[in-house]
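Here the structure is laid out as structure tokens; the discussion comes afterwards.
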Amino acid sequence: MQRVGEREGKDSSAPWRVVLPRIRAALASFELQLVVNRLFRCSLDAFVFCRNLLYVYPQSLNFANRQGSARNITVKVQFMYGEDPSNAMPVIFGKSSCPEFSKEAYTAVVYHNRSPDFHEEIKIKLPATLTDHHHLLFTFYHVSCQQKQNTPLETPVGYTWIPMLQNGRLKTGQFCLPVSLEKPPQAYSVLSPEVPLPGMKWVDNHKGVFNVEVVAVSSLHTQDPYLDKFFALVHALDEHMFPVRIGDMRIMENNLENELKSSISALNSSQLEPVVRFLHLLLDKLILLVVRPPVIAGQIVNLGQASFEAMASIINRLHKNLDGNQDQHGRNSLLASYIYYVFRLPNTYPNSPSPGPGGLGGSVHYATMARSAVRPASLNLNRSRSLSNSNPDISGTPTSPDDEVRSIIGSKATDRSCNRMSSHTETSSFLQTLTGRLPTKKLFHEELALQWVVCSGSVREAALQQAWFFFELMVKSMVHHLYFADKLDAPRKNRFPERFMDDVTALVSTIAGDIVSRFQKDTEMVERLNTSLAFFLNDLLSIMDRGFVFSLIKTCYKQVSSKLYSLTNPSNLASLRLDFLRIICSHEHYVTLNLPCSLLTPPASPSPSVSSATSQSSGFSTNVQDQKIANMFELSVPFRQQHYLAGLVLTELAVILDPDAESLFGLHKKVINMVHNLLSSHDSDPRYADPQVKARVAMLYLPLIGVIMETVPQLYDFTESHNQRGRPSCVAVDDYESEGGSMISQTVAMAIAGTSVPQLTRPSSFLATSSSGRQHSTFSTESSRSLLICLLWVLKNADESVLQKWFTDLSVLQLNRLLDLLYLCVSCFEYKGKKVFERMNSLTFKKSKDMRAKLEEAILGSIGARQEMVRRSRGQLERSPSGSAFGSQENLRWRKDMTHWRQNTEKLDKSRAEIEHEALIDGNLATEANLIILDTLEIVVQTVSVTESKESILGGVLKVLLHSMACNQSALYLQHCFATQRALVSKFPELLFEEETEQCADLCLRLLRHCSSSISTIRSHASASLYLLMRQNFEIGNNFARVKMQVTMSLSSLVGTSQNFNEEFLRRSLKTILTYAEEDLELRETTFPDQVQDLVFNLHMILSDTVKMKEHQEDPEMLIDLMYRIAKGYQNSPDLRLTWLQNMAGKHSERSNHAESAQCLVHSAALVAEYLSMLEDRKYLPVGCVTFQNISSNVLEESAVSDDVVSPDEEGICSGKYFTEAGLVGLLEQAAASFSMAGMYEAVNEVYKVLIPIHEANRDAKKLSTIHGKLQEAFSKIVHQDGKRMFGTYFRVGFYGTKFGDLDEQEFVYKEPAITKLAEISHRLEGFYGERFGEDVLEVIKDSNPVDKCKLDPNKAYIQITYVEPYFDTYEMKDRITYFDKNYNLRRFMYCTPFTLDGRAHGELHEQFKRKTILTTSHAFPYIKTRINVIHKEEIILTPIEVAIEDMQKKTQELAFATHQDPADPKMLQMVLQGSVGTTVNQGPLEVAQVFLSEIPNDPKLFRHHNKLRLCFKDFTKRCEDALRKNKSLIGPDQKEYQRELERNYHRLKEALQPLINRKIPQLYKAVLPVTCHRWIFDFTLSAEIRRV
């Protein structure tokens, strides 16, 4: 203050004018901060430590009516315990750089203002004990700005005060106080300033002029009358102090009971904030009244029901009003923290030592409350699951379930010295009354269960809403009781009285009934109730008799199951049951509870009560007993009785995955994840790390194999990405339906809860009736993958001998199902590689960016739906200069880079290290899965090797083995796989060489592919396997023709299809095989080494062709020519020719040349038919190539060579899978599909003409129905696409120059896609060969004249490209009617070259000649390649008059077409008319007539041409007249003048042509016959000429 006065004394008031705006801004900011602080202090949370603070907020003062000088005002605030000035207490918190506490606090001085506003916050530490003399004293001062002599700077100008207590309660709130001009008198503190004290002077006649707010934050003062009354009455009972004074009321002992009950019921009327603040103490006192009924006037008063109702009401109120403070299960964190940290049984002394070992010291935990913060690991059951479902923080393994209980008990002991309960201390005085009588002792969990069972109405509803709280309170009470009563070592059946167990049974039964009856109405509440009940039973498994708890689970299941079968849509209730079971099975000792080592005999109870101390240690000590294997793999009654929880889980899985249960389809993922998570938890649990122990655990899930085998038709087909055939057809889908011996019986599927469940039959409303031909709904990829992981886990960990015994009992059909599953597993877990993960990551990141962009667009201020539509319609939706697609940056209402959402989404873009880690995990999983499959296959082989039906099973084993070889595998797996394959071939050689011949080919292909591997280990193993395969084949018959043929075919296929084929590595492998043969001592004296040498030589030749193909990889025509040449070389080897034809078909398909691909397939089918006719004499099969002539005239080249060259009966010849009737059908179906894609629907009909007799002979109505459907579709497309189809464009390409090698002076006709222009093919060929030879070396000949090679530069390469059209003779046009006819089976093409005799290309009409060049190709288009050699060339020279005749005929045809077009096209008609009779072009036809018709030619040879041209003009004028007449009928009124102009032009043209047309050559019209016939002859001649036109 002194500094302020000094400064003002020097410089009047000028500085204040400058400072005041800054002060106001600072005050506004400070006030905002105060509001934030107050809001923060008011955040609702229970008191957990002592707080006793008072906040004073002076707000405003009105001294406008006060006389005297009072302008620069400040307020001094003091907390007094008496009236004397020295009674100020040092309890006001100091500011920074000041002492911690001070006796007074000042507000800021407000300059020259008689009505100032204040913005200070004064924080005061309240004494623990307050009296009537404690008060707040406010002293108002005027601060002088100019100090005068003998005058103090601060002059008191008023006083007022606030007493702290009023009727024993803390006085807080908003006050408007009068201000006294004089010091208050003695004893003023017990009175309020509103009381008019005699002799005192007041500002403004004792009106309120000072506004102030007082806020208390205190754990000692509730500031609520209802809570105050309740706590005061309970305190009076504690201290036995009567009468009780509460405010103005005086309560005697005789009416204490009524007042206490009314105060309990009135608790619901108290304010929410104090209830939350004093929640812990409030619940403690209510529980105390339940457990220790008070003794009033010598009588025990039972307040259990009233207290329970109050608790239920308070808990429900908190839940409704604090809905934002809940976890995922809907549990309020305040209530959860109370149970976990605060609640303890009232009958235990707070500081007494615990009877248990180590007392209650340290951190002790309670099972259920581990779920309060986050979802526990025991629910997720992921691989990192904690070993304790009681508390995720416990990392050690309890030695027994009861050790778990010992670790569950109690809450942390708290230091009561600083607790908020210091004003209502719970002392031992409550344990005995002043009368010396001990009250009745009750156990809280028993009383809670009883009150819950008997309650009704709104109380019961409130308890159900928050059932989790009472369940967890009950469990903790039970655990405390066991611990403090030292009953943890007592038998479980004796731990709790029967009365309490009956109450629990009734409670669980009624709550299960509520779930069943209300699940459709109160969905959210029922979900919480179901979860709470499951957690409760989960906890009971740790502390009560397990048999009793299982009976409770069974009770719940019975009620739910009875309701399920009466529902039409049971998915919601079934989902609740799944959640219930999932939580139950998350128990830490789930495996032990299932008795994994006991015999499958009905026990005395579902789970015998064994001592917890021995249950864990003896869990896996029993030896495996001989028992019926089938019961272990089926969900039989003994299995479900013995392994109760596991039986429930697997039965749920079986029922939901049942294809008949269509209404439960939405639960597939949920039930599969439940099983998957369970197995994951077992796998990561170190208690089950020992293989023998894990085998016992796997025994609990043996029926899972059968359940999954039943779902094979529903699983996602992972094999589709590998081939078109999909999974192997070991078992047809219909076989799955028709087999009688299902793995899961109907009774098992229904008796979910044990044997006592009534054997209900399934009504049609619950499960849809199955039909033999129904389509199964397919599982998702994720669900199928999880299910297969579960299968592999069981197969890996189950006891091998048990699996072998079970496989022995299985039928062939069931074993084939298992092999189908294994085949599917191979595809499912194939290693994808890092590139796939990187691509997935980029797609995910792109998707997230797209979503972010859409979100930005949605919240833009400038672009709405309407504006965007308008901008799009105007083409204005363009990117802004800043790069944003949504407008400028100023339009954004938010900044994405300043939000948390940005950080979360960008995390989707994984780092390279994360991608590599994922790829590593995927690779390890692929190796592990395939090794498990390999182990299982070996068990199957061992099992069936001694049975009679081994052939069909071993074939399936081999299919799985070959499929795994075809997938991407690790080197580790392939080594084991090759070893298994060699053992299988060695043990069962006849399997490959006599029965599974198709698989012999596949095996050769797989081995050859791995022989070209870049990894030496894989190459050595593959080479060894291939050599032993040859050796085995040779030992059978001193010849290995079959393997020789298959290896050659496989290499041909590999060369033609594989992109990453490595020739060098394969040559090394072939050398290794040759070395094996040379060093094989046993077979050295035989022909085997020579045969191997011949084979290797042939393979090297194929590889050499491969080198050539690689050189021309970028030249598709040359590549196809090479493949064609190789296929031609195999004319005597049908298998190899077929292989190369298919390779060519594949290459054509890649380039979308579907017509050529179809031709390759037709040639393949013709080749197969040719040899089938030699092998089998069946009338319905095609005779040979002749049958396919209607499809293509080229197929005759597939005719079989004479029998003395090739015999189809010879070993290894025509032994492939396609040389069968089914193979022929497959080829033709593929050909039909390719023709359809090429738009050649007429050819589709011809293909099906060959197929239909085969299916008719086999009585295959389904196939015939499909074919006729496709035929109908093909013919419909022919009709609808009439005039819209285009099949190809043809060009003649000639190569000249030695640089082309074999192509020098060769001419080809190229077939290019439709609408290919000359410039396009010219650019393509010029670019390719220019890059190959050099742009300066290559030259394109621009004209179509004959090439004189003598005039060409020998150092250059020349290409001549000419557009050609199909050419037909007149007689051919009779059969080529449709557009398809004119574009199919084409061998002759024509191009025209204009010239004059003096060497120019164009000249005057009378000197213009034309050369027609007709080319004939070696084969007809379309063919198996897109370019065909020209084998013949023919030239026709047209004289000028013949050129004119041709031009006029063409123009006349255009007029006729435009005139008769249907529907009529006026624009086209007028355009043709304009070109015929328009004034601008009249000299075109007229000039032609004048040049050639003005005079009769001197040469008699030209008479007929002259006459023909004359007739053409006559027909031309007639067509023009018809066109004008047609146009007149089509035009509107606006074009009449245009029509008249056309008519005038026509008449002028007709008049000019009339004398020329009528001039006849007499020599042509001499009478040859009698005059009577002359007219007829003339008419005939004329009509013939016109017809030719």
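Summary table below
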quantity	calculated
Length released on extending from Glu461 to Met1174, taking residue separation times 0.36 nm less the Cα-Cα span	248.1 nm
Positive-end residue of Ser102, Met89, Gly68, charge dipole of region 64-105 with Cβ unit charges	Gly68
Ordering of 1436-1446, 1108-1118 by burial proxy (mean other Cβ atoms within 10 Å per residue, highest first)	1436-1446, 1108-1118
Whole-percent carbon and sulfur share, accessible surface of region 1081-1147, 1.4 Å	53 percent
Pairs beyond 26 Å (Cα-Cα), from Lys805/Lys950; Lys1262/Lys1425; Lys1412/Lys1560; Lys1317/Lys1528	Lys1262/Lys1425; Lys1412/Lys1560; Lys1317/Lys1528
Extension gain (nm, one decimal) between Glu928 and Ser262, 0.36 nm per residue minus Cα-Cα	232.8 nm
J(HN,Hα) series, region 506-515, from Karplus relation 6.51 cos²θ - 1.76 cosθ + 1.60, nearest Hz, glycine and proline x	5, 5, 4, 5, 5, 5, 4, x, 5, 4
Non-local Lys pairs in region 94-247, i.e. 8 or more apart or on different chains, that have alpha carbons under 17 Å apart	9
Phi-based couplings in Hz for region 951-967 (Karplus 6.51, -1.76, 1.60; Gly and Pro marked x)	4, 5, 5, 5, x, x, 4, 5, 4, 5, 4, 5, 5, 5, 5, 6, 8
Kirkwood estimate for region 1067-1131, i.e. one over the average of 1/r between Cα atoms, Å	13.7 Å
Kirkwood Rh (inverse of mean 1/r, distinct Cα pairs), region 1240-1288, angstrom	11.7 Å
Per residue Cα convex hull volume in Å³ - calculated over region 1400-1448	112 Å³
FRET efficiency, 1/(1 + (r/R0)^6) with R0 56 Å, evaluated for Ser509 and Ile1015 via beta carbons	0.30
Trypsin sites (Lys or Arg not before Pro) restricted to DSSP loop in region 1288-1356 with at most 13 other C-beta within 10 Å	Lys1317, Lys1342
For region 218-232, Karplus couplings with θ = phi - 60° (6.51, -1.76, 1.60), whole Hz, Gly/Pro x	9, 8, 9, 10, 6, 6, 9, x, 6, 5, 4, 5, 4, 5, 5
Shape of region 1346-1484, Cα gyration tensor, a/c cut at 1.5	oblate
Pairwise Cα inverse-distance average, inverted: Kirkwood Rh of region 450-589 (Å)	15.7 Å
Simple label model, 7 Å out from Cα along Cβ direction - Gln166 to Cys967, nm	8.1 nm
Accessible-area composition of region 1292-1334, carbon plus sulfur, in percent [1.4 Å probe]	50 percent
Taking only Cα atoms of region 1482-1536, radius of gyration then Dmax in Å	16.0, 52
Restraint check, Lys442/Lys563; Lys1374/Lys1410; Lys1179/Lys1382, Cα-Cα greater than 30 Å	Lys442/Lys563; Lys1179/Lys1382
Packing-based ranking, highest mean first, of 651-663, 1405-1417, 97-109 given that Cβ atoms within 10 Å are counted	651-663, 1405-1417, 97-109
Cα gyration tensor category, rounded, prolate or oblate, for region 925-1077 with a/c compared to 1.5	oblate
Pairwise FRET efficiency - Phe1275 versus Ile1102, Cβ, R0 = 45 Å, nearest 0.05	0.55
Loop chymotrypsin sites (Phe, Trp or Tyr not before Pro), region 1238-1285, which have at most 12 other Cβ atoms in a 10 Å radius of their Cβ (DSSP)	none
Whole-number Å³ per residue for the convex hull built on Cα positions in region 1240-1321	143 Å³
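The values are calculated or read from the model by the stated rules, or taken from the named source; none is laboratory data. Model, not experiment: these values are computed from the prediction. Virtual Cβ from ideal backbone geometry, glycine too; neighbours counted across all protein chains shown. In case anyone asks, the SASA skips ligands and DNA or RNA and just uses the protein heavy atoms, side chains included. Shrake-Rupley method; radii C 1.70, N 1.55, O 1.52, S 1.80 Å.
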